[in-house]
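Asks: Pasting a structure below so you can have a look.
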């Protein structure tokens, strides 16, 4: 398999492989909105006492994916808008939301496979699944054309597979078995950093005999853990059905839900970046107060907190209170404060650059200490081709940018802007500081809308033609 | 630094909305951002950016030609400094006027054009011609197309082309016999009237007359020629620096030199009496300077790497053809301008193939 582009961004502040369990919080703030989900159907009322694993809310647009109560506590709905707040937190026995009547009904309707899917959904494991091409949640009742399982996580600072897999290899392979039981001979691609490593050998020993798992090695360059790119590399076509993709923590959640019938209430997050004094992985539950994490790990003030990685993540909202259920890491970097004197002649001597300018071309890779500095002024494209060299999707960002600049949206569509995976590397390397990632994101939405409108238009015309024929 | 900071802060209001010198805002911003890295922060992902920017991209070219400039001072005299100053001043004024009219920032591109332009002129060209040439080059070659990044032709070459057609006599004489021994011409200011220094023949002219200059002279630079193109060794040093920093693409350089070398070699082999050897062609005239510094301009060369190979081959072959089969003694300038015209077509073909491959993906 040939990979093109990609870049290994070496940064200071990589989290340790250890996982630290954070102290129990007093209050939990569970956001009703995450990147993919909008838990608009609230199932609890003010003052309710909930048990761990109970439904707090569901997302009606995404197969009723539930927001589970991570701890026992008292529901407060009016404390903070957009959050379900739990106070009087206590650790009780988990209370899986599985209904015997409903289960027996499902067994009659769909058999044992139906039960498994029901459990995955209701025990909070299904939210770890995504469709490789669209990034949306796949239909829990559907059958995929293939499953991609990735143990690597290549964006700087985001929770790594090896930290999560530590001492849980057995659970991982059991989870793979459960996954396989949902399939009908479709392949599972298992992505590993190095298929000859001691770890990979152990995995191979554990899964020996399961011919349906294919071990695939990817280069350790961001973003080759991206499911969209992997699915393309494996030759899986979008039209041939959904490609389920799932990371390490998802496989472990599947194991927990199907082996032990217990809900998945904990998450492993990374806390890393130049402004974290001891970068580490932490084990918390969704809704854990962000302030408490930042007070413990961030040093100083005047920093920027990014939810997930620094290349594709989002800035934490100022009024954000709790960790959301999809968060995989917090990255903390310095805000730019001081303007460097004659800064443009200095980079390269003391810092690494994609273009390997000045001395950095002669030095070995070293870890860079980044800030939120824009590092230059916006300029017209100078056609340096760096973006195309670094692009993992093999499209030509500079060309698409020029089309979009002249409002040629059809040309941009023909240049396959839809293959862009929003990794952000093109914007990262651009010497002219063009916001390519954002432009492509907007263009994709616009193209989708136009296609949808065209489709509705055609449908309407067809109906009219039929009516007039009658 | 603190003092400079304070000065900038003090004068800042008069350059912004409502200030006395509002029209000169681009000049103020260019100065401020020259001394102090821009204060802008990222507002969206990616939250960190690579330290490379256009200013540094361009300043690397200037570092790359410094050896050539120093060599020209040694071989041809101090008037080179005056030529560079005139070129920067006139080119800068054109750029600033356009930035003010368009209400855009001043682009760093003219820093490179202003430096490269005098280096491709004869060493004793009257200073007013330098000014006219750079003004024409920046205005017609760049600003009319919309500024840096949108130009089709290399502005410095457009300026030179204009001078070569408008003042053919001045552009084909005015050569200086290279200073040798001791301080060279470092203490002289040579003009067209300095009779003892003026020489009429560059190696390419001499070759047309049947006498071939030793390659070793051209490597050292002890021959006459345009300002920056004499010393092959120093051009290669500066050029390799550009290749290392990835500002110039090695594919363009390699394909130009390789194709020119192969073609010259084949010709020489077929008729050694008529055609000069390959190595001689590579070091003569503007071949090296053109390959390393002019043809590699990212804006006017093809963007795609495959396109760059063909672009280089076209330039190499056309240069050798012009030198050997036409009345012109030097062909690099026309070859690169021709390459600039063909570059978008080459890109179009390469992109067409790429899109055909992508069509079935995903």
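Asks: Is it fair to say residue B:220 is under 20 Å from residue B:293 (Cβ atoms) and surrounded by fewer than 22 Cβ atoms within 10 Å (Cβ to Cβ)?
Replies: Taking the combined requirement at face value, the residue satisfies it.
Asks: Search the stretch A:95-131 for residues being modelled with pLDDT under 85 and part of a loop (DSSP other than H, G, I, E, B), and hand back the single one that is nearest to residue A:49 (Cα to Cα).
Replies: A:95
Asks: Separate question: Among the numbered criteria (1) over 22 Å from residue B:248 (Cα atoms); (2) buried (at least 22 other Cβ atoms within 10 Å of the Cβ), which one does residue B:128 miss?
Replies: Here residue B:128 meets the rest and fails (2).
Let's see how each residue does on (1) more than 14 Å from chain B (Cβ to nearest Cβ); (2) surrounded by fewer than 16 Cβ atoms within 10 Å (Cβ to Cβ):
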| position | (1), (2) |
| --- | --- |
| A:176 | yes, no |
| A:194 | yes, yes |
| A:225 | yes, no |
| A:243 | no, no |
| A:246 | yes, no |
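Asks: Same structure again: I need a count of the residues in the stretch B:219-242 that are more than 20 Å from residue B:156 (Cα to Cα), within 14 Å of chain A (Cβ to nearest Cβ) and touching a residue at least 60 places away in the same chain (Cβ under 8 Å).
Replies: The number of residues fulfilling the criteria is 1.
Asks: Still on this structure, please answer the following. Do any helices (runs of 4 or more DSSP H) lying entirely in the stretch B:2-96 carry at least 2 residues that are assigned by TED's automatic domain parsing to the domain that holds residue B:289, and which ones are they?
Replies: Where helices (runs of 4 or more DSSP H) fall fully within the stretch B:2-96 and carry at least 2 residues being assigned by TED's automatic domain parsing to the domain that holds residue B:289, they are B:54-76.
Asks: Regarding residue A:46, is this residue assigned to a loop (DSSP other than H, G, I, E, B) and on the phi < 0 side of the Ramachandran plot?
Replies: So residue A:46 fits the description; yes.
Asks: Let me ask something else about it. Looking for something at pLDDT 90 or above and surrounded by 15 or more Cβ atoms within 10 Å (Cβ to Cβ) - is there at least one such residue anywhere in the stretch A:150-159?
Replies: Within the stretch A:150-159 (the criterion being at pLDDT 90 or above and surrounded by 15 or more Cβ atoms within 10 Å (Cβ to Cβ)), the answer is yes, since at least one residue qualifies.
Asks: Inspect all residues belonging to the stretch B:66-76 and state whether any of them is surrounded by fewer than 18 Cβ atoms within 10 Å (Cβ to Cβ), within 14 Å of another protein chain (Cβ to nearest Cβ) and at pLDDT 90 or above.
Replies: Yes, the stretch B:66-76 has at least one match.
Asks: Another one. Being crowded, with 22+ Cβ neighbours inside 10 Å and in a helix (DSSP H, G or I) is the filter; apply it to the stretch B:243-254 and report the residue that is nearest to the other protein chains (Cβ to nearest Cβ).
Replies: B:252
Asks: Quick one: in the stretch B:23-54, which of the residues that are surrounded by 14 or more Cβ atoms within 10 Å (Cβ to Cβ) and away from every other protein chain (no Cβ under 13 Å) is farthest from residue B:101 (Cα to Cα)?
Replies: Applying the filter and picking the extreme gives B:28.
Asks: More than 17 Å from the chain's Cα centre (by Cα) and within 14 Å of another protein chain (Cβ to nearest Cβ), is that true of residue B:261?
Replies: Considered against the rule, which asks whether it is more than 17 Å from the chain's Cα centre (by Cα) and within 14 Å of another protein chain (Cβ to nearest Cβ), residue B:261 comes out as no.
Asks: So, one more: Could you list, in sequence order, all residues of the stretch A:132-153 that are away from chain B (no Cβ under 14 Å) and in a loop (DSSP other than H, G, I, E, B)?
Replies: A:136, A:137, A:138, A:139, A:140, A:141, A:142, A:143, A:144, A:151, A:152, A:153
Asks: Select from the stretch B:344-360 the residues that are in contact with a helix residue (DSSP H, G or I) (Cβ under 6 Å, 6 or more places away or on another chain) and facing chain A (nearest Cβ under 10 Å) and list them in ascending order.
Replies: B:347, B:350
Asks: Which of the residues belonging to the stretch A:427-470 are more than 20 Å from residue A:407 (Cα to Cα) and either in contact with a strand residue (DSSP E or B) (Cβ under 7 Å, 6 or more places away or on another chain) or within 14 Å of another protein chain (Cβ to nearest Cβ) (or both)?
Replies: A:428, A:429, A:430, A:431
Asks: Taking the condition of being in a strand (DSSP E or B) and under 30 Å from residue A:390 (Cα atoms), how many residues in the stretch A:9-43 meet it?
Replies: Result for the stretch A:9-43: 1.
Asks: Restricted to the stretch A:200-214, and to residues that are more than 16 Å from residue A:153 (Cα to Cα) and touching a residue at least 12 places away in the same chain (Cβ under 8 Å), which residue is nearest to the other protein chains (Cβ to nearest Cβ)?
Replies: Taking the candidates together, the pick is A:214.
Asks: Next question. Of the residues that make up the stretch B:99-114, is at least one more than 14 Å from chain A (Cβ to nearest Cβ), over 18 Å from residue B:151 (Cβ atoms) and surrounded by 24 or more Cβ atoms within 10 Å (Cβ to Cβ)?
Replies: Scanning the stretch B:99-114, I find no residue that is more than 14 Å from chain A (Cβ to nearest Cβ), over 18 Å from residue B:151 (Cβ atoms) and surrounded by 24 or more Cβ atoms within 10 Å (Cβ to Cβ), so the answer is no.
Conditions (1) surrounded by fewer than 22 Cβ atoms within 10 Å (Cβ to Cβ); (2) more than 7 Å from every other protein chain (Cβ to nearest Cβ); (3) in contact (Cβ under 8 Å) with a residue 40 or more places away in the chain; (4) over 20 Å from residue B:43 (Cα atoms), marked per residue:
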{"position": "A:306", "(1), (2), (3), (4)": "no, no, no, no"}
{"position": "A:309", "(1), (2), (3), (4)": "no, yes, yes, no"}
{"position": "A:318", "(1), (2), (3), (4)": "yes, yes, no, no"}
{"position": "A:355", "(1), (2), (3), (4)": "no, no, yes, yes"}
{"position": "A:399", "(1), (2), (3), (4)": "no, no, no, yes"}
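Asks: Among the listed residues B:11, B:90, which satisfies the condition of being more than 14 Å from chain A (Cβ to nearest Cβ) and over 30 Å from residue B:288 (Cβ atoms)?
Replies: Among B:11, B:90, only B:11 is more than 14 Å from chain A (Cβ to nearest Cβ) and over 30 Å from residue B:288 (Cβ atoms).
Asks: For the structure I just gave you, tell me whether residue A:17 is under 30 Å from residue A:273 (Cβ atoms), modelled with pLDDT under 90 and surrounded by 16 or more Cβ atoms within 10 Å (Cβ to Cβ).
Replies: no
Asks: Only one residue in A:121, A:141, A:165, A:169 is touching a strand residue (DSSP E or B) at 6+ places or on another chain (Cβ under 8 Å) and either closer than 26 Å to residue A:323 by Cβ or touching a residue at least 24 places away in the same chain (Cβ under 8 Å) (or both). Which one?
Replies: After ruling out the rest, the residue left standing is A:121.
Asks: How many of the residues in the stretch B:97-123 are over 18 Å from the mean Cα position of the chain (by Cα), over 20 Å from residue B:141 (Cβ atoms) and either modelled with pLDDT of 90 or more or not assigned by TED's automatic domain parsing to the domain that holds residue B:219 (or both)?
Replies: Total satisfying the criteria: 0.
Asks: Could you say which residue among A:328, A:339 is touching a helix residue (DSSP H, G or I) at 6+ places or on another chain (Cβ under 9 Å) and more than 9 Å from chain B (Cβ to nearest Cβ)?
Replies: It is A:328.
Asks: How about the stretch A:363-389: which of its residues are more than 7 Å from chain B (Cβ to nearest Cβ), closer than 22 Å to residue A:342 by Cα and crowded, with 19+ Cβ neighbours inside 10 Å?
Replies: A:368, A:371
The values are calculated or read from the model by the stated rules, or taken from the named source; none is laboratory data. Given the structure is predicted, the values throughout are model-derived calculations rather than measurements. Cβ sites come from the backbone with ideal geometry, for glycine too, and all protein chains shown count toward neighbours.
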